[in-house]
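Written out below as structure tokens is the structure these notes cover.
What follows is calculated from the coordinates using simple rules that are stated; it is not laboratory data. On a predicted model such as this, the values are computed, not experimentally measured, just so you know. Using ideal geometry, Cβ is built from the backbone for each residue, glycine included, and neighbour counts are taken over all protein chains shown.
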Amino acid sequence: MALTPPENKHWWREPLHRMEIGWITIAFLWGLMMFGVMIYWHINGEQNLSNEAYRVDPETYGEKVEAFAEKYTVRTEGKNDTPVVKPPPGSDVYMLGRLWEWWPILELKKDQTYRLHLSSMDWQHGWSLQPTNINIQVHPKYEMVMTLKPTKSGEFGVVCNEFCGVGHHTMLGKIYVVDK
Amino acid sequence: MGEAPLGGEGVDGQSEDDDQRIHPMQSLLDNPFLLLFIGVAVPAVLYTIWGVMEVASIPIGQ
Amino acid sequence: MVAKEKFRVCPDTGFKVFQHTENLIKANAVVAVVFLLIGGLFGLLVALTRWQAIHLLPADLFYLALTAHGADVLLFWIIFFEVAVLYFAGSVLLNVRIAAPRFAWGAFILMLVGALMANVAVLQGESSVMFTSYVPMQAAPHFYLGLILFAVGALVAMFVFFGTLVVAKQEKTYEGSIPLVTFGGVVAAIIAVYTIASGAIILIPTLLWSLGYIAEIDSVMYKLVWWGMGHSSQQINVAAQVSIWYAIAAMVLGAKPLSEKVSRGAFLLYILFLQLASAHHLLVEPGISSEWKVFNTSYALYLAVLGSMIHGMSIPGAVEAAQRRRGYTQGMFGWLRKAPWGNPAFSGMAMSVLLFGILGGITGVVLGTEQLNLIMHNTLYVPGHFHGTVVAGTTLAFMAITYLVVPLIFRKEIIWPRIAQWQPYLFGLGVAGISVFMMGAGTLGVSRRHWDMTFSDAALNFDVPPAAFLMMGLNGISAVIASIGGVMFILVIVATLLFGKDRAEDACKTNPVILPDGGAVVATSGSEGVLKLPGTIALVSVFFLAFVLYYFVNWKYLSEVWPLS
């Protein structure tokens with residue numbers, strides 16, 4: 001038994017129970033299927049993370065975001081007068097994370113695509129778009145780019161879900177999606 | 001696998017056992033140090049080294 | 001070399017238990033349980049804070065408690081216990097003395113000093129960085145040093161284990177191949193070596209950085225190498241827990257593995273591929289290619305998952321075969337109904353298998369699917385998953401085998417048997433609840449490691465769905481139930497060690513802890529091919545169906561999310 005050496009000196013040569021062979025085959029094929037589904041989704045699925053990313057200097061990135069915000073600000077909101085930025089559809093849009101805010105607020109149009117750039121000014125943060133539930137890890141010195149298409153209008157929260165110190169739970173951003 | 005089991009109930013199979021060589025897979029599984037080597041080398045290459053190469057090749061932005 | 005080592009022959013099993021082995025097992029197991037108590041307490045405080053209606057701790061203490069909880073249970077409780085298990089699997093099961101007992105004691109001291117040092121660092125308040133300590137967030141130097149010392153100690157213990165195997169082979173203390181349980185221990189030790197090597201490679205530079213000798217550590221590189229230690233340490237748990245399942249089934253029911261070949265082959269898949277899953281944590285990081293992600297996160301085409309599914313059939317199969325041979329052949333599940341559910345070693349093991357498979361395993365594969373991770377990363381779904389694996393699975397299995405270790409190694413009769421009987425059920429129920437409700441909250445978008453889901457101190461407003469609060473309340477209640485189950489365990493074990501009756505030499509006849517003549521009840525030939533096992537077939541079929549359904553349901557959820565590319 002399991003606590004003692006196998007009685008059969010040639011235990012590898014023992015034949016298998018039909019149930020074992022059957023289960024191993026099913027489990028193996030299921031594994032291949034799950035592997036295949038990931039590849040399939042890259043080809044036919046609409047939700048994939050691009051690997052487009054660049055090493056950046058946080059100060060340079062910060063300047064890019066400020067320039068972007070200045071160009072397209074339409075109003076401000078919240079206790080810190082965070083600018084709400086409404087960029088043209090199809091353009092590059094920027095957000096940065098820093099202790100402890102996501103900046104700026106974005107206002108996007110439904111069913112239009114945007115190239116979203118994300119980076120952090122200081123520590124790792126988690127970009128968690130709710131209630132859609134898209135979750136991305138944001139690093140300092142790395143700029144991540146992805147193409148995004150909001151399909152529902154409304155008010156969306158950007159929660160920070162990577163622990164970043166004692167103010168972590170105050171870190172909240174916003175994205176508005178409007179119909180026109 | 002199609003081979004007949006050896007040694008039957010293990011009661012009187014001593015002499016038959018000694019004629020057969022230990023199956024190579026069994027030799028592998030009976031060798032903890034060889035297993036240690038592959039158990040460290042395989043993930044070190046596929047996960048760690050390949051992963052480090054991936055991260056190191058992220059391009060610099062403008 | 002040294003004079004003949006002292007040993008006794010265990011009257012219950014016939015194994016030789018050397019004095020050093022016995023003392024080392026006792027020391028490591030006792031310290032393990034102490035860390036379980038401390039870590040568990042921190043966990044309860046965390047759960048009662050995330051239950052918004054109670055919100056027990058203020059923010060800074062919450063983050064401190066969460067850091068301590070992670071390190072104390074995920075690292076210290078579990079690895080101290082695993083070291084004890086390895087000494088049992090190596091020295092006791094092979095009837096051999098421990099190689100280099102002085103090194104084994106040195107390892108113990110290093111591990112203890114390291115664990116205490118890390119705890120002190122966290123309690124001092126400047127190292128609330130979570131158990132993952134992601135750079136550029138920085139802890140105090142002695143936080144990292146504590147973890148490093150602990151890791152070095154554990155590595156020394158691994159080498160003592162391998163050395164013990166060598167001594168056993170040289171002194172021919174056993175014939176043929178090592179037992180399956182020992183082999184499982186080898187798997188755990190191999191994974192541990194890779195784990196600790198990864199930890200050293202990343203934590204030593206991080207320590208130097210915290211001391212100011214290194215200017216900077218790349219944050220993506222850190223995550224990559226750290227998780228080579230972080231997730232792999234959990235795979236040590238998987239290997240150890242599976243070995244323990246086989247051990248308990250053998251001791252309590254005389255169950256034999258259906259096929260040594262199949263079980264060992266499954267363990268080989270673990271050795272080769274289990275550690276690749278560390279990639280699960282990097283699926284939404286910048287810049288890493290999909291090829292690397294898909295290959296590694298799938299454990300190489302899910303071959304390691306195949307290993308787990310094999311064990312998931314082998315163990316119920318072995319139990320069913322043993323029970324049927326003992327005469328419990330009524331219907332499809334008579335063998336299961338008539339199993340010793342009143343024996344906490346058995347009930348703990350059975351629930352561990354069930355909960356690990358369904359709550360932990362399936363959700364783990366789903367969570368680790370490259371694209372599905374997008375809707376789950378860093379939400380409370382993640383801790384929901386791993387409380388299913390590490391707590392409902394590993395911790396419950398470790399508790400179960402403690403009920404056998406105490407009479408057999410400590411030679412004490414378990415005190416308050418009624419409490420012991422109920423303990424695994426209460427703990428299992430509580431932890432199952434924790435797992436399910438955290439996953440529920442995570443699906444509603446609640447974040448992990450987060451003090452305030454109402455965002456009352458934020459500059460903007462946002463409302464999570466109201467059902468999320470219900471989930472956190474139910475999670476809190478489950479945590480209380482689990483804590484009661486945990487305290488019951490600690491009470492019974494500590495009371496037994498302090499006040500329990502000594503176990504008499506002839507107790508194996510009057511009050512057997514394990515099945516007498518375990519192997520002889522069941523046939524001696526390896527393959528159970530002559531026996532039909534309909535109950536096991538039914539169980540694995542239900543599991544498989546649940547797996548397939550749950551897997552595809554999540555792809556459906558993903559398809560409703562904003563298109564991303």
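In loop segments of the stretch C:268-364 as defined by DSSP, the trypsin sites (Lys or Arg not before Pro) with at most 16 further C-beta atoms inside 10 Å of their C-beta are C:Arg326, C:Lys338. Label separation (C:Leu470 vs C:Ser559): 2.7 nm, computed from points 7 Å beyond Cα along the C-beta direction.
Below 8 Å, C-alpha to C-alpha, sequence gap of six or more: please give me the relative contact order for chain A in percent.
Numbers: 325 pairs, mean separation 34.5, N = 180.
The value is 19 percent.
For the stretch A:77-151, report the convex hull volume of the alpha-carbon atoms normalised per residue, in Å³, without decimals. Spell out each step's value before the answer.
Details: hull volume 6.8 nm³, N = 75.
Measuring per residue, one finds 90 Å³ for the Cα hull of the stretch A:77-151.
Kirkwood hydrodynamic radius of chain C, from the reciprocal of the average inverse Cα-Cα distance over all distinct pairs: 24.2 Å.
Just to check, using Stokes-Einstein with a Kirkwood Rh over alpha carbon pairs, what's the diffusion coefficient of the protein assembly as shown at 20 °C and 1.002 mPa s in µm²/s? Please list the in-between numbers first.
Details: Rh = 27.4 Å.
The estimated diffusion coefficient comes to 78 µm²/s.
Which log10 I(q)/I(0) values does the stretch C:1-78 give at q = 0.11, 0.21, 0.22, 0.27 Å⁻¹ under the Debye formula, counting every alpha carbon as one identical point scatterer? Summing over Cα pairs of the stretch C:1-78 leads to -0.49, -0.89, -0.94, -1.11. Put a dot 7 Å past the Cα of C:His55, heading toward its Cβ, do the same for C:Ala538, and the two dots end up 5.0 nm apart. Report, in degrees rounded to the nearest 10, the 0 to 90 angle that the Cα long axis of helix C:101-123 makes with the longest principal axis of chain C. It works out to around 30 degrees. Working value for the stretch A:52-178: equivalent-ellipsoid semi-axes of 20, 16, 15 Å, each the square root of 5 times a Cα gyration tensor eigenvalue, largest first. The Rg/Rh ratio of the stretch C:55-124, with Rg taken over Cα atoms and Rh as the Kirkwood radius over Cα pairs, comes to 1.17.
Rounded to the nearest 0.05, what FRET efficiency do A:Leu29 and B:Gln62 have when you use their Cβ-Cβ distance and R0 = 45 Å?
According to the calculation, E is roughly 0.45.
Taking other Cβ atoms within 10 Å as a rough exposure proxy, A:Cys164, C:Cys508 sort from fewest to most as C:Cys508, A:Cys164.
Tell me, what is a quarter of the convex hull surface for the C-alpha atoms of the stretch C:137-186, in nm² with one decimal?
Working: hull surface 18.8 nm².
If I average the Cα hull's projected area over directions, I get 4.7 nm².
Assuming R0 = 25 Å, what is the FRET efficiency of C:Arg102 and C:Ile201, from their Cβ-Cβ distance, to the nearest 0.05?
0.35
A convex hull fitted around the alpha carbon atoms of the stretch C:269-358 yields 120 Å³ per residue.
In terms of overall dimensions, the stretch C:340-506 has a Cα radius of gyration and Dmax of 19.1, 71 angstrom. For the protein assembly as shown, DSSP calls about 70 percent of its internal beta bridges antiparallel. When each of C:Asp72, C:Asp506, C:Asp452 is scored by the number of other beta-carbon atoms lying within 10 Å, the sequence from fewest to most is C:Asp506, C:Asp452, C:Asp72.
Divide by every residue of the protein assembly as shown the summed helix terms, -39500 (n - 2.57) for each DSSP H run of at least 4, and state the resulting mean residue ellipticity at 222 nm, rounded to the nearest 500 deg cm²/dmol. It would help to have the intermediate numbers written out before the result.
On the way: 26 runs with 429 residues, N = 807.
The helix-only estimate for the protein assembly as shown comes to -17500 deg cm²/dmol at 222 nm.
Straight-line reach from A:Lys86: taking Cα to Cα under 24 Å and skipping same-chain neighbours fewer than 8 places apart, the lysines in range are A:Lys64, A:Lys71, A:Lys109, A:Lys110, A:Lys149, A:Lys152, A:Lys174, A:Lys180.
Note: relative contact order over chain C, using C-alpha pairs below 8 Å and six or more positions apart, is 15 percent.
Which semi-axes, in whole Å and largest first, does the equivalent ellipsoid of the stretch C:13-178 have when worked out from the alpha carbon gyration tensor as the square roots of 5 times its eigenvalues?
Details: eigenvalues 275, 55, 24 Å².
That gives 37, 17, 11 Å for the three semi-axes.
What aspartates and glutamates sit close enough to C:Lys169 to cross-link, taking a C-alpha to C-alpha distance under 12 Å and skipping anything fewer than 8 places away on the same chain? Counting by Cα, and skipping residues close in sequence, C:Lys169 has these aspartates and glutamates nearby: B:Asp30.
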